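Worksheet for the structure shown next.
The values are calculated or read from the model by the stated rules, or taken from the named source; none is laboratory data. None of these values were measured; they are calculated from a predicted model. Because the Cβ atoms are built from the backbone with ideal geometry, glycine has one as well, and the counts that use them run over all protein chains shown. Ligands, DNA and RNA are stripped out before the accessible areas are found, and what is left, the full protein with its side chains, is counted by its heavy atoms. Shrake-Rupley method; radii C 1.70, N 1.55, O 1.52, S 1.80 Å.
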Amino acid sequence: MGLSTSVFRPTILRVASHPWARRTVTGTRPGRRVAFRFVAGETLAEAMAAARELHSRGLRTMLDHLGEHVETPKQALAAREAYLSALAAGADAEDVDAAISVKLTQLGLDVSVDACWANFEPIVQSAGEKDRLVMIDMESHGYVDRTLEVFARAYERSQHVGIAIQSYLRRSEADVFSLPEGCRVRLVKGAYLEPDDVVFTRKRDVDASYARLFATLLAREHAVDVATHDPTLIEGVRTRVDAFEYGWSRVEFQMLYGVRRDLQSRLAADGYPVRVYIPYGTEWYPYLTRRMAERPANVWFFISNLVRTSG
Ligand SMILES: Cc1cc2nc3c(=O)[nH]c(=O)nc-3n(C[C@H](O)[C@H](O)[C@H](O)COP(=O)(O)OP(=O)(O)OC[C@H]3O[C@@H](n4cnc5c(N)ncnc54)[C@H](O)[C@@H]3O)c2cc1C
């Protein structure tokens, strides 16, 4: 979050939540053109093709079947089936190291923890059987307690499950002490529009929290996924982990599909473990709005395309 981002981010996220904004982006060619810089396609086959291409360049991958806040049991069931298919495709492809990442509101968390667990449990079981990793995304702050509860249940069943923790959330500094010992944690800054009393709003505070959380997680012997494109944080992690014997067996860099491809390739070429998060599916709009809000230049790119197309 640079200065311009922290000023524009709430505005972009608010404007993007209007139905007309959604129609303008999803129903026009410029909108789709911007979206497919960040989304690998609408099908699992397209996501696997992207995974193969990344793998050929030495990058690991993680598939995210897009969707969140489903409203019916049928939609949650469809999401579960999509994730089971993604797990199977990753396990069947010998040429790809593909994990999956799920959002619990896509599996029924808005209904109840039990409804969500009924859909998540088969995914956890399948991940164990196929020896694949399943990460749980962290969504907006109202879901944190329930997400941690589902994660704790899942981790009791299988250690193939990990959880995302957000450094912008003030509560994360306490949350990391209640995680199961040694579990895998993806550390992110946080992407949602949140009230000022629950998050740090200044970039330097979010970054300082990130550095502190990383140090705590490392000291507590968690496996840590450093999920950021921030060059300063990446450099700090690199220096610190290089000094640890076997440090890189517990730490991995992670970045988003279409973001800082140069940095992804450079780190992989230098021998560091890097995994790329590959979103795919038809429900790409909310994901795209978060990527636009992170970098106002993405919005200008969309607007200039729109003007050019309609001119
Ligand atoms: C693998 C992965 C998984 C994630 N999972 C979650 C999750 O579960 N929950 C959650 O809340 N958030 C998640 N995020 C998003 C995260 O919270 C941030 O919003 C996002 O990564 C941008 O922050 P940053 O750490 O890259 O730092 P920033 O300070 O925002 O950005 C640092 C630099 O990265 C580049 N950059 C960052 N974002 C973009 C972009 N959209 N387009 C172009 N360039 C960009 C720019 O060069 C920028 O200067 C995830 C991120 C990654 C990489």
Would you say A99 is open to solvent by 10 Å² or more (accessible area, probe 1.4 Å) and of a type in the set (A, V, I, L, M)? no
Every listed condition ((1) open to solvent by less than 10 Å² (accessible area, probe 1.4 Å); (2) at pLDDT 95 or above) holds for R212 save (1)
query: touching a His at 6+ places or on another chain (Cβ under 7 Å) and either in contact (Cβ under 8 Å) with a residue 12 or more places away in the chain or more than 16 Å from the ligand (Cβ to nearest atom) (or both): does that describe R146?
result: no
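Okay, residues lined up against (1) in contact with an Asp or Glu (Cβ under 6 Å, 6 or more places away or on another chain); (2) of a type in the set (F, W, Y); (3) part of a loop (DSSP other than H, G, I, E, B):
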{"residue": "A40", "(1), (2), (3)": "yes, no, yes"}
{"residue": "A45", "(1), (2), (3)": "no, no, no"}
{"residue": "A51", "(1), (2), (3)": "no, no, no"}
{"residue": "L63", "(1), (2), (3)": "no, no, no"}
{"residue": "A78", "(1), (2), (3)": "no, no, no"}
{"residue": "E94", "(1), (2), (3)": "no, no, yes"}
{"residue": "G108", "(1), (2), (3)": "no, no, yes"}
{"residue": "V111", "(1), (2), (3)": "no, no, yes"}
{"residue": "E121", "(1), (2), (3)": "no, no, no"}
inquiry  = Would you confirm, using the coordinates I've provided, whether G128 is more than 23 Å from Y257 (Cβ to Cβ) and either assigned to a helix (DSSP H, G or I) or assigned by TED's automatic domain parsing to the domain that holds Y272 (or both)?
reply    = yes
Listed by range, helices (runs of 4 or more DSSP H) wholly within segment 194-279 having at least 1 residues that are β-branched (V, I, T), in contact (Cβ under 8 Å) with a residue 24 or more places away in the chain and near the ligand (Cβ under 10 Å from one of its atoms) are 203-219, 231-242
Picked from segment 156-191 (must be more than 18 Å from D230 (Cβ to Cβ) and hydroxyl-bearing (S, T, Y)), the residue most open to solvent (accessible area, probe 1.4 Å) is S178
Exercise. Take D145 and decide whether it is over 25 Å from L44 (Cβ atoms), part of a helix (DSSP H, G or I) and open to solvent by 60 Å² or more (accessible area, probe 1.4 Å).
Key: yes
Just a yes or no: is a residue in segment 156-174 touching a Gly at 6+ places or on another chain (Cβ under 6 Å), within 14 Å of the ligand (Cβ to nearest atom), basic (K, R) and not in a helix (DSSP H, G or I)? no
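Can you name every residue in segment 288-303 that is within 10 Å of the ligand (Cβ to nearest atom) and either at pLDDT 85 or above or open to solvent by 30 Å² or more (accessible area, probe 1.4 Å) (or both)?
If the condition is that a residue be within 10 Å of the ligand (Cβ to nearest atom) and either at pLDDT 85 or above or open to solvent by 30 Å² or more (accessible area, probe 1.4 Å) (or both), then L288, R290, R291, M292, A293, E294, R295, A297, F301 are the ones that fit.
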